[in-house]
Each structure stands twice: as C-alpha cells, then as structure tokens.
Amino acid sequence: MSVEQFGYKQELHRTLTLKDLVIYGMIFMVPIAPFGVFGYVWEGSQGMVALAYLIGMVAMFFTAMSYWSMSRAFPVSGSVYAYAQRGIHETVGFFAGWLILLDYILVPSLLYIVSAAALGPILPGVPAWVWIVTFIAINSVINLIGIQFTAKANRYILVAEIVILTIFVVMGLIALYGGEGAGGLTLNPLYNAEKFSLPLVMGAVSIAVLSFLGFDGISTLSEESKGGADAVGKASLFALLLVGSLFILQTWIAADLAAGHNFNNLDTAFYDTANLAGGTWLKQATIWATALSWGIANALVAQAAISRILFAMGRDRQLPKILAKVHPRFKTPYVSTLLVAVISLGSGLYFNGSIDNLSRLVNFGALMGFLILHLSVINHYIIRQKSTAWVKHLLFPLVGLAIIGFVLYEMDIEAKVLGLSWLAVGIVYYFVLRVILKRKPVLELEG
C-alpha cells in the first residue's frame, strides 16, 4: 500500500527493513530503561517492581496488536493521529494527535534530565544544563542527516546496552546467591501478599509504563518502511515482547538485591543496587550506560518520532504547514526536527530535577492516545468494515481499553490536572483553527 492512495506524495526515503524497525523500537524503549526510574517504581510498588513491569507489558501487548491492525489499514506517518483521523473522525484524530504530542514532545526532555541526573554523581562539577544542551545538539545533527544514519547508529548502541545488561544480570545473580539482598531470587518482586494492593501497584505501573513507550514510535516510520503492510505491526510486537522480557528479568534481580536496603536518592537507586552486585565499577558502568542510552540513543529516536508526527499534522494543516517541509538533500522533516530541539531545551531546563512528575505527564498523553487507538480499531473494523475477526478487532482492543483506563484512573492527580489542562489548550486551538481561521478538515479537502 502506498501513501498516494491517501492523497499524499511519497517524500520520505523508504529504506528501513523489518530488522531496522525492530531495532528502532528496542532503542526507543531502551532495554535498560528501568535503570533510570527503578527507585520510583520500587517505592510506588512497595518492592513489586517486576509485577509493575509485567502488567505494563500485558497492557502494551494489546496496544501493540491495535497498532498492527491500524498500521495495516492506514500505512502513513502520524501514528495515533492518522489512525484516529481515518478510523473514527477528523476531529477525533486531531485530539489524538494533540494528546500524543504531550507524550512525544516531552519525552526527549525527560530523557535528557534522566541522563544528566545519572552523570551528576560522577561529574558533579558539570552543571545539568551542559549535558542537556550537548545531547540535544548531537541528536539534532544526526536526525537532520537522515533516518538511515540513525538506524546504523542504533545498532551499535543496542549492542552496548545488551552487553551492560548481561553483565548486571550475571553479577546480580552471583551476588544474590552469595548472600546479598534476599539471598536468592524470590517471588516478592512479582507478588508480596503482605503489601499487595491493586491501586498501589497500578500507581507504580503509571511510572513503569514510561519504559514501554517507544514500540508505538515505530508506526511513525510507516512511510520510510520497505517491509510491506505488516512490517510496522510485526516490528511493534516483536520489539515490545523482547524488551518487556528484559525489563522483568532485570527488575526482578534488582528488587531482590535491594531487599532490606533503603535508598537515600530514588534517582540513583538502581546504581546503588548495581554497586551491591559488582562494586563501584559496575555502578559507574550502569550510570554511563543510562546516560548514553537515554540521552543519545533513546532521545535520538524520540526526536525522530515526534518530528514525523509534527510533519504529518503540518502536512494536513492541523499545525503550521512549515512543519511539513522536507530537506531537499537529506529527505528529513528538518523544520519539525529543529522545533523539537528548541522545545526539548526549554522544557528540559524547566523540569530539571522533576523526573517522577514529568514521567507521569508524559505517560498521561501516551495512555490517552492509546485509549483512542483502541476505539479506532473497533470503529474502523467492527462498525465500518463489519469484521468478524472478533478476537483481534474487538476483544483485544476492549481488554487494552480496560487495563489502560484503570492505570489512568490510578494515576497521580497532579498528572491528570496537567494532562487535562493540555487537552483544554487543544480545544481552544481547535476552535480557533475551525471557527476563526475556517480551516477545512483535510479529509474534506481530499473528498
């Protein structure tokens, strides 16, 4: 399927294979993502960190299946924005895009803050803003050059992350069975009857789910994939299951290692746990791994993803049309890429030191977007197409809706207020767009 049938011109390079897409998704999620937020999930779940990640992976499985269904029906850039726009209605699509913007446009900032926090103890003389500016500059240049260059860089970074993770797993198990922490693997990180409370764990899931955001970013590369109609869907599911399994494994070991210990700083809780497993050298290795994987690799693909959503919404004139400009040589949405860099700089400096609050705000936008995605599947396939694939097109979206809805319900009230405030701004903007500027919906123009 080509973008021409949807009224667009193929402007971006179709160079990405299924393997490239899977690696992109894995890099976006970061196989060692729990390193940066472990302390907050640990505290929120009362030690049941592995359970929080397991629930998160189950919730994202159903979401990945919905992405697969919609990416097959509408293989265009724009992710949830495009799927809701064409699967339900133009107006719903706008607000789906607006909500997912809250996720993607703040994710790079969050990644830079986590990286700066990780490097703080090692190089205390370097201000956090220096790291933030450096990471933004590096990633912007790479993304401007092109997605193929980004894909090549991702492969090397992914290998380095897997090596560090393997070392932690091996050293962690040796330390555990050598008497450290719980003295071996226990079921407590998965279920502790004395402390278990569903609202409690779901509150922790609202932070842990941050680590899974990224598999959905694969859908923003639909117009740069050359793997056929199912490539995006397959890559999303494969990346989710691979990285989700690694999340559960590492947090299970880390939680048992941390048993009986108190953390003075939740930002560095995982690194202190790594110190228990292998000493100072392993602690510093995990710090540098977090800084480089979040600040360079993850932020790199996050910036690429959000620039594609801005490109799609600009192309449809839902946002300023200049955002749809493509570089004549590199074939990248360079205006959108530069805008993301500017926003990342401002929000990164503003939210510096507020990892937990910013992560919840990012997750609110993503989860609200996922809710609309599931509704898009039901409306497009069951109601419009009269599909009889009840499991894939009705059961899976309904289960995904229920789980994500409950996570949102248990989310911190401040995140809800900020998220709904962002939605209110979107309502005002949409009113100006349609009523004052009298901008016609793109699907109406196509018709």
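The values are calculated or read from the model by the stated rules, or taken from the named source; none is laboratory data. It should be emphasised that the depicted structure is a prediction, and the values quoted were computed from it without experimental measurement. Counting neighbours? That spans all protein chains shown, and the Cβs are built from the backbone with ideal geometry, glycine included. Accessible surface is based on the protein model in full, side chains and every heavy atom, while ligands, DNA and RNA are left aside. Shrake-Rupley method; radii C 1.70, N 1.55, O 1.52, S 1.80 Å.
About the Cα centre of region 127-278, how large is the charge dipole given +1 on each Lys and Arg Cβ and -1 on each Asp and Glu Cβ? Please answer in debye to the nearest 20. Could you put the intermediate results ahead of the total?
Working: 5 positive and 10 negative charges, 58 e Å.
For this selection, approximately 280 debye.
Classify region 94-246 as rounded, prolate or oblate from the Cα gyration tensor: take a ≥ b ≥ c as the square roots of its eigenvalues, call it rounded if a/c is under 1.5, otherwise prolate when a/b beats b/c and oblate if not.
prolate
How much mean residue ellipticity at 222 nm does the chain get from its helices, if each DSSP H run of length 4 or more adds -39500 (n - 2.57) and you divide by all residues, to the nearest 500 deg cm²/dmol?
Details: 17 runs with 291 residues, N = 447.
One gets -22000 deg cm²/dmol as the mean residue ellipticity at 222 nm.
Quick check on region 317-385: take the gyration tensor over C-alpha atoms, sort the square-rooted eigenvalues as a ≥ b ≥ c, and tell me if it's rounded (a/c under 1.5), prolate or oblate.
In terms of gyration-tensor shape, oblate.
Might you tell me the accessible area per residue for the chain, computed with a 1.4 Å probe and given in Å²?
Heavy-atom SASA per residue in the chain reads 37 Å².
In region 18-408, if the dipole is taken from +1 on Lys/Arg beta carbons and -1 on Asp/Glu beta carbons about the Cα centre, which of TYR81, LEU111, GLY39 is farthest to the positive end?
Positive-end residue among those listed: TYR81.
So for each of 126-133, 15-22, 294-301 I average, over its residues, the number of other beta carbons within 10 Å; can you give me the resulting order with the highest mean first?
Numbers: 126-133: 16.8, 15-22: 20.0, 294-301: 27.1.
Sorting 126-133, 15-22, 294-301 by mean packing, highest first, produces 294-301, 15-22, 126-133.
Tell me which of GLY178, VAL201, TRP294 sits at the most positive position along the dipole axis of region 18-408, charges placed on C-beta atoms (Lys, Arg +1; Asp, Glu -1).
Final value for the positive-end residue is TRP294.
Using 32 Å as the Cα-Cα cut-off, could you pick out the over-long pairs in LYS152/LYS438; LYS152/LYS234; LYS331/LYS392; LYS234/LYS283; LYS226/LYS325; LYS283/LYS331? Please report the intermediate quantities before stating the final value.
On the way: LYS152/LYS438 44 Å; LYS152/LYS234 20 Å; LYS331/LYS392 36 Å; LYS234/LYS283 35 Å; LYS226/LYS325 22 Å; LYS283/LYS331 41 Å.
From the list (LYS152/LYS438; LYS152/LYS234; LYS331/LYS392; LYS234/LYS283; LYS226/LYS325; LYS283/LYS331), the Cα-Cα distance tops 32 Å for LYS152/LYS438; LYS331/LYS392; LYS234/LYS283; LYS283/LYS331.
Counting only protein heavy atoms and using a 1.4 Å probe, what share of the accessible area of region 18-408 belongs to carbon plus sulfur, as a whole percent?
With neighbouring chains kept in place, the figure for region 18-408 is 67 percent.
Give the separation of the Cα centroids, region 160-183 to region 355-405, in Å.
36
Less than 12 Å Cβ to Cβ from ASN265, Lys/Arg counted +1 and Asp/Glu -1: what total charge do the surrounding residues give?
With Lys, Arg at +1 and Asp, Glu at -1, the net is -3.
What ranking do 384-397, 42-55 get when scored by the average of other Cβ atoms within 10 Å per residue, highest first?
In descending order of packing, they fall as 42-55, 384-397.
Roughly how many debye, to the nearest 20, is the charge dipole of the chain about its Cα centre, given +1 on each Lys and Arg Cβ, -1 on each Asp and Glu Cβ, and no other charges?
Approximately 1660 debye in magnitude.
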